[in-house]
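Report on one structure; see the data block that follows.
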Amino acid sequence: MSGILVVLEDREGRIGRISWEAVAAALQLSSFARQPVHAALLGADTSTVAAAVAAKAVDGVVRVEHPLLQSYTSDGYTHALEQLIRARQPDFVVFPHTYQVRDFTPALAARFGQSLIGDVTSIADGPLFTRQLMQGRLTGTYRHNGSGPCFVSVQSGAFRSDSVTTGTAPVESFTPSLEAAQIRTRPGAPFRAAAQTVDLGSAQLIVSVGRGIKEADNLPLVQDLAAALGAELAASRPICDNGWLPMERQVGSSGQTVAPKVYIAIGISGAIQHLVGMKASQCIVAINKDPDAPIFEVADYGIVGDLFEVVPALTAAIKAAKQ
Amino acid sequence: MKIVVAIKQVPERDAPVRIDAAGRWIEEADLQWALNESDAYALEEALQLKELHGGEVVVLSAGPERVGSTIREALAKGADRAIHIDCEDLGQRDALGVARLLATAIQPEDPDLVLTGLQSDDLGYGQTGVILAELLNLPHASLILHVEKSDTGITVKRELEEGWFQNIDLPLPAALTIQSGGAKLRYATLMGIKRAKTKEVRRIAAAELSAPPEAAVVLDRIALPQKQKITQVLSGSAQEAAAALVEKLKFEVHAL
Ligand SMILES: Cc1cc2nc3c(=O)[nH]c(=O)nc-3n(C[C@H](O)[C@H](O)[C@H](O)COP(=O)(O)OP(=O)(O)OC[C@H]3O[C@@H](n4cnc5c(N)ncnc54)[C@H](O)[C@@H]3O)c2cc1C
């Protein structure tokens, strides 16, 4: 048993950034584990993406192809990768932590008597894997115990995709044996919700509200601030889950990705699924009563305090400054 | 439809987190506990399916004595009965170890549907439901917002990234992990709370279900996160902090 296998996601003929980040993580792991890195791609025809990966500094590319892998199903991917892993016996299997990877890797790992170390943010010698706990309020360091492949998925944005240098890697093929009857689910085509009426993506100023606002009746507080600033109003997931604001105003991994000049996060804790949607903002302001809230890890300016006092004061100060 | 919903008790969201002396978990002594958020949505989905199609909703939870209060809450909201796996060493088990316990308890129930929340707010592994599907040999789908019965089984609405969705058809029996926001959560009524007291809670010792397994993945230590940015904290009264922020937005960020 040896080697590091990194499984990449083909997104409509392209390798997405998070998959390159998984390659970066695999290369970093190989610097500790001193083992070669092979990249695997799954699909009916992976020629285009395989060529893109073969031009990088990996030791090999495996095209795992079968007509039944045309579109993603948990059963198809789990069976195909189980066969590949049994054949190659890698020590480590690395994935990008996407929604698709969440959907099948826990089952795949269980097939080997393993547990996935999921959503990893850094890898140190040992190897030791760090991931978030308590919605980002703590971190935990994990290690793999005993024998058998170690399954790891890496968090979006945690590793640098631009650290993957160019190279020329040999490409090989692997044909899993799959039968239509093994695939028990029938996925439909992706669709979007009804037409979007707000474009948060192009907003320069965003006031974003989270669960700290407590009740829908308190929303005018942040609406007033947004109006005084001339900002768009956005929200974290629980606000939209409760139906207090429409889902099109949700920022984060399931919602919009924004990068305004200023993003003011009010009563938002800063869970990773929210941060991925706004951390590219030029200036981040956080207003939160908890000085240890993870949002302060990415904030340029912070006010530690009760939003019910700070927000009205801020609205008044902005109105005064604009006169 | 017979539905088993696996639920987890987690620390209350605003609970203070203090690292314990061994540096391996948080001080649990004076924590408040709550039902994990996405599990509440899984329970809601189950109750709504029962209202539409009849059947039974069984809640299942593993953990120490204190878990009983969360189980009662689920019964008060309308679950018919409960199974409590008495387990003092949940923290020593990895995701597979916990799922094995749950799967062994689910097996004899032979449900049409197994539901879990998509991830816990404390450990955040996001794996239990998917591993249960594997152990029980059920088809599954994750990140589900809505479940509808069809002629051949169920059609579910799955959340994808960046505001996209997808429908998936599955035969029954099946396992699903439920995402938050798909339905409006109900509160327990006074009547529900009263009724819950008479509902069956079967307790099974973890040792009866499986020997404590050798964990494949071990949590070595926990820590406070490292900051990525140096935050300028604006102090003073609300008015002073607000005035300072306006200065910064005007003269440093040039946004006003
Ligand atoms: C697959 C998946 C996808 C997800 N997608 C998204 C997504 O797209 N977008 C998203 O936002 N989340 C998403 N989430 C949810 C995410 O994990 C968090 O649960 C969510 O972002 C938390 O929202 P919040 O910060 O508003 O609430 P909380 O985490 O509850 O934080 C509330 C904050 O308010 C503060 N507060 C409370 N009262 C006050 C007060 N009076 N004054 C000041 N501060 C106060 C508290 O200190 C706390 O920090 C997703 C989760 C999963 C698993």
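The values are calculated or read from the model by the stated rules, or taken from the named source; none is laboratory data. Given the structure is predicted, the values throughout are model-derived calculations rather than measurements. Quick reminder, even Gly has a Cβ in these numbers, built from the backbone with ideal geometry, and neighbours come from all protein chains shown. What goes into the accessible areas is simple: the full protein's heavy atoms, side chains included, and nothing from ligands, DNA or RNA. Shrake-Rupley method; radii C 1.70, N 1.55, O 1.52, S 1.80 Å.
Conditions: (1) under 30 Å from A:GLY126 (Cα atoms); (2) over 19 Å from the mean Cα position of the chain (by Cα). B:VAL130 meets all but one. Number of the miss?
(2)
Among (1) out of contact with any Phe, Trp or Tyr (no Cβ under 9 Å at 6 or more places or on another chain); (2) surrounded by fewer than 24 Cβ atoms within 10 Å (Cβ to Cβ); (3) in contact (Cβ under 8 Å) with a residue 40 or more places away in the chain; (4) under 23 Å from A:ARG131 (Cβ atoms), which single condition is A:SER253 missing?
That leaves (1) as the condition not met.
For A:GLU309, work out the one condition from (1) closer than 24 Å to B:TYR125 by Cβ; (2) open to solvent by 20 Å² or more (accessible area, probe 1.4 Å); (3) without any contact (Cβ under 8 Å) to a residue 40 or more places away in the chain; (4) at the interface with another protein chain (Cβ under 8 Å from one of its Cβ atoms) it doesn't fulfil.
Condition not satisfied by A:GLU309: (1).
Could you give every pair whose Cβ atoms fall below 9 Å, whose first residue belongs to the stretch A:215-241 and is not assigned by TED's automatic domain parsing to the domain that holds A:THR257, and whose second residue is within 13 Å of the ligand (Cβ to nearest atom), counting only separations of at least 6 or pairs across chains?
Every condition considered, no pair remains.
I'd like to verify a number: residues in the stretch A:1-55 that are under 16 Å from A:VAL101 (Cα atoms) and without any contact (Cβ under 8 Å) to a residue 24 or more places away in the chain, how many?
So the answer is 1.
Exactly one condition in (1) touching a residue at least 24 places away in the same chain (Cβ under 8 Å); (2) open to solvent by 60 Å² or more (accessible area, probe 1.4 Å) is false for A:ALA195; which is it?
Tallying (1) touching a residue at least 24 places away in the same chain (Cβ under 8 Å); (2) open to solvent by 60 Å² or more (accessible area, probe 1.4 Å), A:ALA195 fails exactly one: (1).
Would you mind telling me which numbered condition in (1) within 13 Å of the ligand (Cβ to nearest atom); (2) more than 7 Å from chain A (Cβ to nearest Cβ) B:THR155 fails?
(1)
Being near the ligand (Cβ under 9 Å from one of its atoms) and within 22 Å of B:ILE144 (Cα to Cα), is that true of even one residue in the stretch A:278-295?
No, that holds for no residue.
Could you list, in sequence order, all residues of the stretch A:77-105 that are open to solvent by less than 10 Å² (accessible area, probe 1.4 Å) and either farther than 29 Å from A:GLY146 by Cβ or of a type in the set (Phe, Trp, Tyr) (or both)?
Residues satisfying the conditions are A:PHE95, A:PHE104.
What do you reckon, is B:GLN166 facing chain A (nearest Cβ under 9 Å) and in a loop (DSSP other than H, G, I, E, B)?
no
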